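Asks: The structure's right below; bear with me while I get my questions together.
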Amino acid sequence: MQLTETLRRERTLSDEGFRYLIESETAGAPLAEAADAVRRHVYGTDVYIRGLIELTNYCRNNCYYCGIRAGNTALERYRLTKDDILACSREGYALGFRTFVLQGGEDPRLTDAFLTDVVRSLKAEHPDCAVTLSVGERSAESYSRLREAGADRYLLRHETATDEHYRRLHPDSMSLQNRKTCLWELKRLGFQVGSGFMVGSPWQTTDNLIADLRFLEQLQPDMIGIGPFLHHADTPFAGFPDGDFERTVRLISILRLMFPYALIPATTALGTIRPDGRERGLAAGANVVMPNLSPSDVRRLYTLYDNKIATGAEGSEGLGSLRRRIADAGYRVVTDVGNARRTADCT
Ligand code: 5AD
């Protein structure tokens, strides 16, 4: 298909070109085929695994879509201790994980002192591992301290790059401008930066998605995480329909063609909306999976959306079956840190 070929060659398209690929159901198969070819050219069949440790489900924010929002009083809250976190990473290390993603709500107890101590201890114990943080918006000084402590990467999805849409998904205390400021600061500090957005969030238009692609063209992130919006019963968005699976998969392919070297996960949300969601994501250009290393008794509490998969292959116990599923899909789990800086080779 002509547009797919142009996107592969130019790594960008006109707004109208993007609009067609985002909206057209028939574009999915040729897009996935081209994206998979690009991914195989750059990364072969390698799939990188990242051990996800969900630090806390306390959050000061009130994002209307998110199940761990401060206003959700129905949720039982937890936070892991430093010892819990180190124990999770030890278990992950033994299983072969060499990247740990420490993710959490914006819990005021995640102070710089706490996080830098955890990062330093983790790095001291596992000097061959990369540490990724995903703990939301913080000050430039805070990011700088985390970087100095040894954190390598930072994930902060921009969620939507259209100001007016951002304001419909978040309360007034939050702004797209601040989110962008954080992302640029993280880049300046030398973090490998990941961003991304939800597909099918309430009121999202195709123009909004095109703006997301344009923002990522500016940011040039090392990692890009996207997944379908999934409703959560105890949020203001409980009544909205879930995001479209096939559209999400098409966007993964578009992102692979735009950013051949990016690390793109087949996300938990993709695996939640469809049983074969992650395999479909891999076949469409994704090259990362993030199994859950959190203690099993707290996993059910990190509920960003309803029905989040919380047992089986996405957990560390299921790593064997996950490896098999990925092998059956024609790919191979590798356990090295997977250096996002391969982008530097590609001028
Ligand atoms: N549906 C899908 N994704 C969600 N996230 C938060 N809430 C939801 C939801 N209801 C995503 C956000 C956030 C990431 C950690 O999870 O994009 O950045």
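The values are calculated or read from the model by the stated rules, or taken from the named source; none is laboratory data. Every value quoted in this text rests on a predicted model; they were computed, and no experiment measured them. Cβ: placed from backbone, ideal geometry, glycine included. Neighbour counts: every protein chain shown. Surface accessibility is based on the protein's heavy atoms, side chains included, excluding ligands, DNA and RNA. Shrake-Rupley method; radii C 1.70, N 1.55, O 1.52, S 1.80 Å.
Asks: Treating only the Cβ of Lys, Arg, Asp and Glu as charged (+1, +1, -1, -1), what charge dipole size does segment 1-148 show about its Cα centre? Round to the nearest 20 debye.
Replies: On the way: 20 positive and 23 negative charges, 70 e Å.
Dipole of segment 1-148, to the nearest 20 debye: 340 debye.
Asks: Out of residues 5 or more away from V101 or on other chains, whose amide H comes under 5 Å of its own, with H placed 1.01 Å from N in the peptide plane?
Replies: Sorted by chain and number, the residues that satisfy this are G51, L52, I53, T132.
Asks: Measuring from the lowest to the highest alpha carbon on each principal axis, how far does the chain reach, largest first, in angstroms?
Replies: The principal-axis extents, from largest down, are 54, 42, 38 Å.
Asks: Convex hull over the Cα atoms of segment 128-242, averaged projected area in nm²? Before the final figure, lay out the partial values.
Replies: Numbers: hull surface 31.5 nm².
Result: 7.9 nm².
Asks: For segment 173-281, what does the accessible surface come to per residue with a 1.4 Å probe? Please give it in Å². Walk me through the numbers on the way to the answer.
Replies: Numbers: 3370 Å² over 109 residues.
Accessible area per residue, segment 173-281: 31 Å².
Asks: Would you work out the relative contact order for the chain, in percent, from Cα pairs under 8 angstrom that are 6 or more residues apart?
Replies: Numbers: 646 pairs, mean separation 84.9, N = 347.
Taking the mean separation of contacting Cα pairs over the length of the chain, I get 24 percent.
Asks: Contact order normalised by length for segment 51-186, with contacts defined as Cα pairs under 8 Å and 6 or more residues apart; what percent is it?
Replies: Values: 189 pairs, mean separation 33.3, N = 136.
Relative contact order for segment 51-186 comes out at 24 percent.
Asks: Can you work out the accessible area per residue across segment 22-81, with the rest of the protein chains kept in place, probe 1.4 Å, in square angstrom?
Replies: 40 Å²
Asks: Quick one: grab the alpha carbon gyration tensor of segment 48-163, order the square roots of its eigenvalues as a ≥ b ≥ c, and give me rounded if a/c is under 1.5, else prolate or oblate depending on whether a/b is larger than b/c.
Replies: Values: a/c = 1.69, a/b = 1.46, b/c = 1.16.
Note, shape of segment 48-163 comes out prolate.
Asks: Who wins for biggest fluctuation among T81, T303, T26 in a Gaussian network model of the chain, springs between alpha carbons below 10 Å?
Replies: Highest fluctuation among the options: T26.
Asks: Taking a spot 7 Å from the Cα of E217 along the direction of its beta carbon, which residues of segment 15-30 have an amide N less than 19 Å from it?
Replies: 15-24
Asks: Now a separate question. Residue by residue through segment 169-178, which ³J(HN,Hα) values in whole Hz follow from phi under the Karplus form 6.51 cos²θ - 1.76 cosθ + 1.60 (θ = phi - 60°), with glycine and proline marked x?
Replies: Those phi angles translate into 9, 9, x, 4, 5, 10, 9, 4, 4, 5 Hz.
Asks: Most fluctuating residue of A32, A286, A329 in a GNM of the chain with Cα springs under 10 Å: which is it?
Replies: So, out of A32, A286, A329, the one fluctuating most is A329.
Asks: Under a point spin-label approximation (7 Å from Cα along Cα-to-Cβ), what is the S321-T73 distance to one decimal in nm?
Replies: 3.9 nm
Asks: On to the next question. Rounded to the nearest 500 deg cm²/dmol, what is the calculated helix-only ellipticity per residue at 222 nm for the chain, with -39500 (n - 2.57) per DSSP H run of length n ≥ 4? Can you show the working numbers first?
Replies: Details: 14 runs with 146 residues, N = 347.
Result for the chain: -12500 deg cm²/dmol, rounded to the nearest 500.
Asks: Accessible area of the chain with a 1.4 Å probe: how many percent of it is carbon plus sulfur? Before the final figure, lay out each step's value.
Replies: Details: 6640 of 13610 Å².
Looking at the chain in its full context, I get 49 percent from C and S.
Asks: On each of the three principal axes of the Cα atoms of segment 177-230, give max minus min coordinate, whole Å, ordered largest first.
Replies: 34, 18, 18
Asks: Treat each spin label as a single point 7 Å out from the Cα along the C-beta direction, and report the S139 to S296 distance in nm.
Replies: 4.2 nm
Asks: So, R0 is 56 Å and r is the distance between the beta-carbons of D15 and A94; what FRET efficiency does that work out to, to 0.05?
Replies: On the way: r = 49 Å, r/R0 = 0.87.
With a Förster radius of 56 Å, E is 0.70.
Asks: Sticking with this structure for a sec: Taking the chain as a Gaussian network, where each spring joins two C-alpha atoms under 10 Å apart, which residue of R250, R157, R120 fluctuates the most?
Replies: Largest GNM mean-square fluctuation: R120.
Asks: Tell me, what ³J(HN,Hα) does each residue in segment 273-278 have, in order and in whole Hz, if you take phi through Karplus 6.51 cos²θ - 1.76 cosθ + 1.60 with θ = phi - 60° and put x for Gly and Pro?
Replies: So the J values, rounded to whole Hz, are 6, 9, x, 9, x, 5.
Asks: Another question about this same structure. Using each residue's phi in segment 14-31, evaluate 6.51 cos²θ - 1.76 cosθ + 1.60 at θ = phi - 60° and report the 3J(HN,Hα) Karplus result to the nearest Hz, with x for Gly and Pro.
Replies: Working through the residues one at a time gives 5, 4, 5, x, 4, 4, 4, 5, 5, 8, 8, 5, 6, 6, x, 5, x, 4 Hz.
Asks: Using modelled backbone amide H atoms (1.01 Å from N, in-plane), which distant-in-sequence or interchain residues come within less than 5 Å of R79's amide H?
Replies: none
Asks: Follow-up. How far apart, in nm, are the 7 Å Cα→Cβ label points at T6 and K82?
Replies: 5.6 nm
Asks: To continue, here is another question. Grab the Cα-Cα distance for E164 and E148, subtract it from 0.36 nm times how many residues apart they are, and report the gain in nm with one decimal.
Replies: Values: separation 16, 0.36 × 16 = 5.76 nm, distance 3.55 nm.
Length difference between fully extended and current span is 2.2 nm.
Asks: OK, next. Could you compute how fast segment 105-158 diffuses translationally, taking Rh as the Kirkwood radius over C-alpha pairs and applying Stokes-Einstein at 37 °C with viscosity 0.692 mPa s? Give it in µm² per second. Each step should come with its number before you reach the end.
Replies: Working: Rh = 11.4 Å.
My calculation gives 289 µm²/s for D.
Asks: Would you please classify the overall shape of segment 178-307 from the alpha carbon gyration tensor, given that a ≥ b ≥ c denote the square roots of the eigenvalues, rounded means a/c under 1.5, and beyond that prolate means a/b larger than b/c while oblate covers the rest? Intermediate values should be presented prior to the final figure.
Replies: Details: a/c = 1.35, a/b = 1.29, b/c = 1.05.
Judged from the Cα gyration tensor, segment 178-307 comes out rounded (a/c under 1.5).
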